[in-house]
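Undergrad: This structure is in structure tokens; I'll ask about it shortly.
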Amino acid sequence: MTVLGVAQAVSGLYLVTNSLSVAISVWGDEGVSQRCCRTQGEAHAGLVTFAGILLLAVAAWGIVTALQFTTRKPGLRISARAYCWTVLGLALPLFALLPFLGLLLLGVAIVALAWTTDREIRAWFPDEPFRAAGG
């Protein structure tokens, strides 16, 4: 999960620092010939910046969760699973913008999600909340 969080942080930093060039590559820069108006790419640069900040926030969640694994606190495995599902949801739009990073995040998120459901991993964490007796 730490690797996944770092990859997300790099993607988020790229989107924040290069928001105008990413927006122009996605939405184009034609259509406006006057100085008073903005192109489609310029108009959507804020959306790309917001996506980058969102990726940075989710990356921080994953890194903090991964760093707390040694404490074996109850609920960490649930947080890890929720984080992986969130990353899966964010990897698909990122795949449309940056195919290589989107595919990388998607693959690592699937592996991390499968890792959190492993029997040995579940046994390592203390009793999870919401675990029914005998289940």
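Where a number appears in this text, it was derived from the coordinates with a stated rule and is not lab data. This one's a predicted model, so the numbers in the text were calculated from it and none came from an experiment. Every residue, glycine among them, receives a Cβ derived from its backbone with ideal geometry; neighbour counts consider all protein chains shown.
Undergrad: Gain in length, T70 to V3, computed as 0.36 nm per residue apart minus the alpha-carbon separation, to one decimal in nm? Each step should come with its number before you reach the end.
TA: Numbers: separation 67, 0.36 × 67 = 24.12 nm, distance 1.64 nm.
Length gained between T70 and V3: 22.5 nm.
Undergrad: Show me 11-18, 69-76 ranked by packing, highest mean number of other Cβ atoms within 10 Å first.
TA: 11-18, 69-76
Undergrad: Another question about this same structure. Go through region 84-91 residue by residue and turn each phi into a ³J(HN,Hα) via Karplus (6.51, -1.76, 1.60, θ = phi - 60°); whole Hz please, and just put x for glycine and proline.
TA: With coefficients 6.51, -1.76 and 1.60, one gets 4, 5, 5, 5, 4, x, 7, 6 Hz.
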